[in-house]
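Asks: One structure, pasted below without further comment.
The values are calculated or read from the model by the stated rules, or taken from the named source; none is laboratory data. All of these numbers come straight from a predicted model, not from anything done at the bench. A quick note on method: Cβ atoms are made from the backbone with ideal geometry, for glycine too, and the neighbour counts reach across all protein chains shown.
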Amino acid sequence: MTLFVVLSLMLLAAQIVNGQDKSGKLAVVLGGSNFGGTGTGSLGGLWQITNRIAVRPEFTINHVDYRYQSGSFEQHTTTTNTGYGISGPITLHRNENLRLYISPRFAYARSASGTTFITGGGLGAPGVGTGGGTAATSASSSVTSGPYSGRISFGGQYALNRHLSVFGETGVEDILMRTHQTQYSNTSKQSTWQIVTAFGLLLYFK
């Protein structure tokens with residue numbers, strides 16, 4: 001991960017020196033990515049600092065509420081995932097409508113999940129009526145994970161008109177995952193890498 005950061009900063013600095021003609025374009029970015037058979041969407045922006053250098057921050061969030069019940073057993077799980085990322089597309093080649101670029105990206109995501117289990121309590125409460133019944137018992141646990149990631153991608157952007165462009169890119173991503181589970185009071189770390197594709201729309205203001 002450290003080597004990735006150093007190489008990205010060196011590449012960015014070199015391109016800034018060679019491209020001081022600022023264009024100042026701003027755009028809203030509607031994007032998505034696919035890896036491991038799953039897809040995520042994001043909302044972000046783009047600032048074209050110079051003809052070669054741009055900055056593209058992004059944000060993503062989703063919430064899942066899951067409930068399951070069978071007889072006297074009930075499970076309720078809520079999960080909230082948030083993510084923040086920033087990439088720096090660096091133009092390698094450009095003609096009238098097509099722009100080819102390489103893009104380093106850094107991101108942080110947080111996933112918080114809580115689960116409650118309830119068992120018993122069926123057919124009446126204790127001491128009520130003649131059926132009696134068992135007292136309901138419950139247990140809960142929570143899991144929090146926070147992966148950091150670094151990615152380097154190669155992509156292309158095509159202008160459909162003055163205000164609308166599409167882009168697509170693919171690259172390699174390195175992920176460092178840290179997970180904490182309160183039920184067992186343990187913490188784990190995991191490092192992985194994967195091939196990632198991303199795509200989206202850019203809506204320019206000017």
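Asks: Residue pairs, Cβ under 8 Å, 6 or more apart or interchain, first in the range 64-84 and touching a residue at least 60 places away in the same chain (Cβ under 8 Å), second assigned to a strand (DSSP E or B) and surrounded by fewer than 14 Cβ atoms within 10 Å (Cβ to Cβ). List them.
Replies: Cβ pairs passing all conditions: none.
Asks: Hey, can you tell me all the residues within the range 32-66 that are at pLDDT below 90 and among the small types (Gly, Ala, Ser)?
Replies: Within the range 32-66, Gly32, Ser33, Gly36, Gly37, Gly39, Gly41 qualify.
Asks: If you take the residues of the range 57-84 that are over 25 Å from the mean Cα position of the chain (by Cα), in a strand (DSSP E or B) and hydroxyl-bearing (Ser, Thr, Tyr), which of them is surrounded by the fewest Cβ atoms within 10 Å (Cβ to Cβ)?
Replies: Residue satisfying both the conditions and the ranking: Ser70.
Asks: Kindly indicate whether any position in the range 133-151 is of a type in the set (Val, Ile, Thr), modelled with pLDDT under 90 and over 22 Å from Thr79 (Cα atoms).
Replies: Step one: of the range 133-151, the residues of a type in the set (Val, Ile, Thr) are 134, 137, 143-144.
Among the residues that remain, those that are also modelled with pLDDT under 90 are: 134, 137, 143-144.
This time we only want the ones that are over 22 Å from Thr79 (Cα atoms), so: 134, 137.
Yes, the range 133-151 contains a residue that is of a type in the set (Val, Ile, Thr), modelled with pLDDT under 90 and over 22 Å from Thr79 (Cα atoms).
Asks: With the condition kept exactly as written, say whether any residue in the range 2-17 is modelled with pLDDT under 90, farther than 15 Å from Ile102 by Cα and more than 24 Å from the chain's Cα centre (by Cα).
Replies: There is at least one residue in the range 2-17 that is modelled with pLDDT under 90, farther than 15 Å from Ile102 by Cα and more than 24 Å from the chain's Cα centre (by Cα).
Asks: Pull up the range 93-102, narrow it to residues that are under 25 Å from Ser42 (Cα atoms) and either among the hydrophobic types (A, V, I, L, M, F, W, C) or assigned to a strand (DSSP E or B) (or both), then point me to the one that is farthest from the chain's Cα centre (by Cα).
Replies: Leu98
Asks: Just name the residue that is nearest to the chain's Cα centre (by Cα) out of those in the range 149-186 that are under 18 Å from Ala198 (Cβ atoms) and among the hydroxyl-bearing types (Ser, Thr, Tyr).
Replies: Ser149
Asks: Scan the range 177-193 for residues that are surrounded by fewer than 13 Cβ atoms within 10 Å (Cβ to Cβ), in a strand (DSSP E or B) and touching a residue at least 12 places away in the same chain (Cβ under 8 Å) and jot them down.
Replies: Passing the criteria: Lys189, Gln190, Ser191, Thr192, Trp193.
Asks: Across the range 160-176, what is the number of residues that are part of a strand (DSSP E or B) and in contact with a Leu (Cβ under 8 Å, 6 or more places away or on another chain)?
Replies: Start the filter on the range 160-176 by keeping residues that are part of a strand (DSSP E or B), which leaves 164-176.
If we keep only those that are in contact with a Leu (Cβ under 8 Å, 6 or more places away or on another chain) as well, we get 164-167.
Of the residues in the range 160-176, 4 are part of a strand (DSSP E or B) and in contact with a Leu (Cβ under 8 Å, 6 or more places away or on another chain).
Asks: Give the number of residues within the range 145-176 that are surrounded by 13 or more Cβ atoms within 10 Å (Cβ to Cβ) and free of Cβ contacts under 8 Å to residues at least 24 places away in the same chain.
Replies: Here the count works out to 0.
Asks: Next up: What's the number of the only condition in (1) among the acidic types (Asp, Glu); (2) surrounded by fewer than 15 Cβ atoms within 10 Å (Cβ to Cβ); (3) more than 22 Å from Leu164 (Cβ to Cβ) that Glu96 fails to meet?
Replies: If we test Glu96 against (1) among the acidic types (Asp, Glu); (2) surrounded by fewer than 15 Cβ atoms within 10 Å (Cβ to Cβ); (3) more than 22 Å from Leu164 (Cβ to Cβ), just (3) comes out false.
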